[in-house]
Structure formats: structure tokens, C-alpha cells
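The values are calculated or read from the model by the stated rules, or taken from the named source; none is laboratory data. Every value quoted in this text rests on a predicted model; they were computed, and no experiment measured them. Every residue, glycine as well, gets a Cβ built from its backbone with ideal geometry; the counts of neighbours run over all protein chains shown. Please note that ligands, DNA and RNA were not included when accessible areas were found on the heavy atoms of the full protein model with its side chains. Shrake-Rupley method; radii C 1.70, N 1.55, O 1.52, S 1.80 Å.
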Amino acid sequence: MDFNGAKMHIEEAVHIDPKYTKAWARKGDIEMVMKENHKALDSYKAGLAIDPDNAACKEGLRKCTAQINYGAATMTEEEKQERAQHGLADPEIQAIIQDPVVQQVLRDFNENPNAANQAMNNPSMRAKIEKLIAAGVLQTA
């Protein structure tokens, strides 16, 4: 199947009608198949922002979150490396990693956990760290 082509078409649908919840759900589904979990999370959340009761977005978000959590716990080191490399190829992930504030927070997780926890209270910082985790770039214990 041509998932890149499908993703291109669904992105066009979202561009034409940003309130088309079904398109957001399908976009998330395609991104999950393409192992772009960090993007899938955003797509499902965008759909739920439009329609908080949308079953497809709710289920997609649940499956994506489970895949991130379960996958990290059951993957081999080789699979984790592959997932991280795939995530690092994404320009959005690269931009997050290059952010000096994010770099400091990541250092703080090892050196100053209290400061890291305080930084995680910032919704923007939390979203960036969660995106790194979803992309497989940052591993949790």
C-alpha cells in the first residue's frame, strides 16, 4: 500500500476542512501504520479538540498511547534503536532536541530531578518531552 500517498491525500483533506474530524482520525491511523506515533497523537488530539466525543479519535488515541507504552516495554534494543532513528529523521523532533531549554531539562532528569519535575509542570515543555517519548527518541524506565 502507498501510505505516503494516502497521508498526502488525507493532509490535503485536513487542509481543505480543518474541522473534518474523520480526516483527523484517518490521518492518525496512517501515521500509526507509518510508526509516527508522535504525529498520530497530535492528529487524534486535534480531532478530539473539534469533537470530544469522536469514537474513532478516542480509540485511536487509546491505541496509540498503549502502543507507545507497551512497545517500549517489549521491544528489543535493536527495535528501540530503529524506532529512535526513525523519530530522529523527523524535522520536528530534530528541532525539539536542538532546543537548549529542552537539552537542559533532559540533563536535569539525571542531575537535578527537582528542576526537571518543575519544568514538566510547564504544558509546553511537557508536550515536547512527551513527543520525544512517543517518537522513541527518549526512553522511560
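Among the residues of the stretch 57-95, those identified as open to solvent by 40 Å² or more (accessible area, probe 1.4 Å), farther than 20 Å from Lys27 by Cβ, aliphatic (A, V, I, L, M) and in a helix (DSSP H, G or I) are Ala73, Leu88, Ala95. Scanning the stretch 70-84 turns up no residue that is under 14 Å from the mean Cα position of the chain (by Cα) and free of Cβ contacts under 8 Å to residues at least 12 places away in the same chain. Residue under question is Lys45, and the condition is that it be over 14 Å from Ala135 (Cβ atoms), of a type outside the set (A, V, I, L, M, F, W, C) and surrounded by fewer than 18 Cβ atoms within 10 Å (Cβ to Cβ); does it hold? Spelling it out, Lys45 is indeed over 14 Å from Ala135 (Cβ atoms), of a type outside the set (A, V, I, L, M, F, W, C) and surrounded by fewer than 18 Cβ atoms within 10 Å (Cβ to Cβ). With respect to (1) within 19 Å of Ala135 (Cβ to Cβ); (2) assigned to a helix (DSSP H, G or I), the lone exception for Asp108 is condition (1).
Can you work out which of the residues in the stretch 125-141 that are open to solvent by less than 70 Å² (accessible area, probe 1.4 Å) and in a helix (DSSP H, G or I) is farthest from Ala40 (Cα to Cα)? Residue satisfying both the conditions and the ranking: Met125. For the stretch 3-24, taking the residues that are open to solvent by less than 40 Å² (accessible area, probe 1.4 Å) and not hydrophobic (A, V, I, L, M, F, W, C), the one that is modelled with the lowest pLDDT is identified as Gly5.
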